[in-house]
Each structure stands twice: as structure tokens, then as C-alpha cells.
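The values are calculated or read from the model by the stated rules, or taken from the named source; none is laboratory data. Everything numeric in this text was worked out from a predicted model, so none of it was measured. Please note: Cβ atoms are built from the backbone with ideal geometry, for glycine as well, and neighbour counts cover all protein chains shown.
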Amino acid sequence: MQTKVNITPAKKLLSLPTYVFAELDEWKEEERAKGVDLIDLGIGNPDGATPAPVVEAAVKSLQNVKNHGYPDFKGKIELRQGISEWLHKKYGIDINPKDEIQTLIGAKEGLAHLALAFTDPGDINIVPDPYYPVLSRGTWVASGDVYHVKLEEKNDFLPDLDSIPEEIAQKAKIFFVNYPNNPTAGVATLEFFKKLVDYCKKYNILLCSDLAYTEITFDGYKPPSVFQVEGAKDVAIEFYSFSKTYNMAGWRIGFAVGNKDIIKTLYNVKTNMDYGTCSVIQDAALAALNMPSSYSEEITGNYQRRRDFMIEGLNNLGWNLKKTRSTMYLWLQVPDGYDSKSWCRHVLEKTGVVFTPGIAFGKYSDNYFRVSIVQPDEKLYEALDRLEKANIRFV
Ligand SMILES: Cc1ncc(COP(=O)(O)O)c(C=O)c1O
């Protein structure tokens, strides 16, 4: 006889808002079942192959028996040295490979564990909205609360620090920011980072900068690192990812750099929860950092070309998009008469083109939707064609 048990998940999991991406998957399933040939512009998964030197380094590393055991918790010193040199070359910043770098199983893992490392039940973390989901969900899973600062187009999608109530600033533990930004494609100036560093120092807040899109930039634009601000190391940590820069989303590797006490606390959580990044993947990542820049230029060149014809095509359908300077995302307004979900569902049913509803990125984003330019050019052209034929326009 089967024993009936009732084991409920933790309340903090049950109380999380629905993960809209899971709902989106259900819609896609329904359309596929009807035989619709979908063009998925909903995902943020790079569509290109990992560059050959990275794959070759991984194959070689896999044959080395030394890499078959548990990896070093912090990451191999060779990789940490490589990261430090790469950061110096890119941003002119000095990061000590010994105690100011932590390798990660992707930036997402590190961001979630950072929230866990510093958030007690009832603590408040500040997150600009719209946001990459883990920036808020990490805090909720750690039983903390999130104060969302609304990002608005009129402020170039930068948070208005003066709008944050004094009692929130006094209580906040972590201020998460992500520039270049997913989903808005907004970018931060060094001036903004200076203000934010001062703000976090004034209120004793840990500043967490997510720089996952630092290399996906167009027209020569170079995003700042928070560590280009003097004294930022007193309060800040910054997250980097190999996923987008080198088409390595499936390899799961990223890193965090910054204040050594913050890095040590993150390390502390990780030693309790995981074993770090597979050594083979670390060797591959080091090869990626050492590749000639022509490889990443090819990747960003593809996105830049797509950005150009997609913005032109969407503007011909009535939108009024400005040229983005970074990321593989376009952030568009939903036409009147729809919210973001009903709009994306409508487009999907009429055209088979998948967009992500803005509500997936926060409560303030229900009048926007995100278009990811992560399909080959011909698919993107076909998507524009389908939209036009179905009279999908911004009116
Ligand atoms: C803003 C942002 N940060 C972090 C990540 C995750 O990076 P990783 O693949 O290194 O975990 C993503 C992935 O889409 C992202 O959009």
C-alpha cells in the first residue's frame, strides 16, 4: 500500500511570483502542438558556436587526469591571474588574483549566493525594476524583501537614487545594478557609478554590479566597470559572465571580483554549497580570455548587424526605437489595449513569433516586451515579415 505523504516546499518558494518564462514555455508547447513553426525571440540564449580555441582547450584539458578531481574552491590560480590581467587591460583596474576574485558556476549562481550570503530574514535589498529575475529572486529565496526602484526611459533606465525613501536606504543591505541592462539595453555612465558608490558608502550598503553584458557592445561603446570609481572596492563586488561574450552559456562559468571581505563571504557560502567550476571549463575560460579579440568582435559584429536591421524593421512597423549600444535585447512598448502578456500571446498566435512579456522582469514593466536578437539573420528577417503580414504594429 502506498503511504500518502504531504511534504510541502518551503513557504519562501511557494510565495515566489510565477516564473513567466515557465508560462512562456507552456504557450510555446501549445503552439508547437498545433504545428506552428515558431521563431523564438523570447530567450536570451546566444545562438552561435563557442569559438574553436575554447573548445580545443577544453578537449586538451579533459585529457589531463589532474582535472578529473574536485576543483579548487576559488578557481585555479592561473585563471584568476588571467582574469586579473584581462581586467587590467580592459578597464585599467587592479584586482588581486589572490583574494579579490571568485570563479563561479555562471554569474547567476554567484548572484543568488551573494544574496544568500548577506541577507537575513526581513532584510531589504534594492533592485531596479525591470530586472534580470535572479536579482530579486535570490533575495526572496534568502527570505529577504526587495525594494524595487522603477527604471524609466526618460531617465535612460537609470535608477533615481533620490526617489528611494530614507528608511529604505537606512535599512538596505545590497544594492543590485546591471548595466548594460537586461532587458532595457540601458547603459550606465561612470558618473552614475560614482554617485552610486557615494550613496552605498553613505548608507553602508553592499554595491553589487552585474556586468554580464560588458562585451556585447556596439559602435565602439565601452561600458564602465564600477571599479573605475576610486574607492569602489570599499563597498563593491562586480559579476562577469563568459556566457554571452564567448557564446559559452551552456558551459556555466563566470566570476566575481572586488572587495576581499565580500569575496570571502561569497566563497564561504560556496564552500558550504558547491565545489566550484569544473577544472576543464576553467581551462577553456582561460583560453577564451587569451584569444585574439577578433573572436569576440565577430560575435558582437553579428549582434550589431542584427540590431541595425531589426530596429529599422520594427520602426517601420510604428515603434520608435533608438539605436542600442549594448546587449542582444530590444525593449519595446506594448500598444494600447493590451498588457504585456496578452500582447505577446496575441503576437504568438498570429505569427508564431515569441517575445517575452515585460512582466517577466518586474511589476513596473507590464507595458513593455523584450525582443532577443538571438536567431540567425534569415529567421529575424522572417520574423519581421510575419509581423508585417499579420499587421502587428505599434499604434
Ligand atoms: C543580467 C544578467 N546577469 C547574469 C546572467 C547570467 O549569466 P551566467 O550565464 O553567467 O549565469 C544573465 C543571463 O541572461 C543576465 O541577463
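Quick one: which of Gly35, Gly42, Gly75 is assigned by TED's automatic domain parsing to the domain that holds Gly362, in a loop (DSSP other than H, G, I, E, B) and at positive phi? Walk me through how you get there before you give the answer.
On the way: Gly42 fails: at positive phi; Gly75 fails: assigned by TED's automatic domain parsing to the domain that holds Gly362.
Of Gly35, Gly42, Gly75, the one residue that is assigned by TED's automatic domain parsing to the domain that holds Gly362, in a loop (DSSP other than H, G, I, E, B) and at positive phi is Gly35.
Count of the range 16-41 residues, restricted to those that are within 20 Å of Val141 (Cβ to Cβ) and surrounded by 10 or more Cβ atoms within 10 Å (Cβ to Cβ), is 6. Across the range 79-106, the number of residues qualifying as closer than 18 Å to Val280 by Cα and either in contact with an Asp or Glu (Cβ under 8 Å, 6 or more places away or on another chain) or crowded, with 19+ Cβ neighbours inside 10 Å (or both) comes to 9. When the residues of the range 321-354 are narrowed to those that are assigned to a loop (DSSP other than H, G, I, E, B) and in contact (Cβ under 8 Å) with a residue 60 or more places away in the chain, which ends up nearest to Leu24 (Cα to Cα)? Per the stated criteria, the residue is Gly352. Considering only residues of the range 84-108 that are within 15 Å of Val229 (Cα to Cα) and touching a residue at least 12 places away in the same chain (Cβ under 8 Å), which is farthest from the ligand (Cβ to nearest atom)? Ranking the qualifying residues of the range 84-108, first place goes to Gly92. Restricting the first member to the range 169-184 and to residues that are at negative phi, and the second to residues that are within 16 Å of the ligand (Cβ to nearest atom) and small (Gly, Ala, Ser), the beta-carbon pairs closer than 6 Å and six or more apart or on different chains are Val177/Ser209; Tyr179/Ala188; Pro180/Ser326.
Scan the range 6-28 and tell me whether some residue there is more than 22 Å from Ile262 (Cβ to Cβ), outside any helix (DSSP H, G or I), hydroxyl-bearing (Ser, Thr, Tyr) and in contact (Cβ under 8 Å) with a residue 60 or more places away in the chain. Looking through the range 6-28, at least one residue is more than 22 Å from Ile262 (Cβ to Cβ), outside any helix (DSSP H, G or I), hydroxyl-bearing (Ser, Thr, Tyr) and in contact (Cβ under 8 Å) with a residue 60 or more places away in the chain. Arg345 meets all of the listed conditions (1) of a type outside the set (A, V, I, L, M, F, W, C); (2) more than 20 Å from the chain's Cα centre (by Cα); (3) crowded, with 20+ Cβ neighbours inside 10 Å; (4) within 21 Å of Ile359 (Cα to Cα) but one, namely (3). For the range 109-130, a residue qualifies if it is in contact with a Ser or Thr (Cβ under 9 Å, 6 or more places away or on another chain), within 15 Å of the ligand (Cβ to nearest atom) and not in a helix (DSSP H, G or I), and the qualifying residues are Val127, Asp129, Pro130. Residue pairs whose Cβ atoms lie under 7 Å apart, separated by 6 or more positions or on different chains, with the first residue in the range 228-254 and farther than 30 Å from Cys278 by Cβ and the second near the ligand (Cβ under 9 Å from one of its atoms), do not occur.
Would you call Ser326 at pLDDT below 95, buried (at least 21 other Cβ atoms within 10 Å of the Cβ) and not basic (Lys, Arg)? Answer is no for this residue.
Listed by position, the helices (runs of 4 or more DSSP H) inside the range 160-279 whose residues that are away from the ligand (no atom under 15 Å from the Cβ) and surrounded by 24 or more Cβ atoms within 10 Å (Cβ to Cβ) number at least 2 are 190-203.
If the condition is being under 19 Å from the mean Cα position of the chain (by Cα) and in a loop (DSSP other than H, G, I, E, B), then the range 139-159 contributes Leu151, Glu152, Asp156, Phe157, Leu158, Pro159. Pairing residues of the range 360-384 that are under 19 Å from Ser340 (Cα atoms) with residues that are among the charged types (D, E, K, R), at Cβ distances under 6 Å and at least 6 apart in sequence or on separate chains, gives Gly362/Asp129; Tyr364/Asp129; Tyr364/Lys150; Asp366/Asp339; Ile373/Arg306. Applying the condition of being β-branched (Val, Ile, Thr) and outside the structural domain of Asn45 (by TED's automatic domain parsing) to the range 267-325 and asking which residue is farthest from Gly110 (Cα to Cα) yields Val280.
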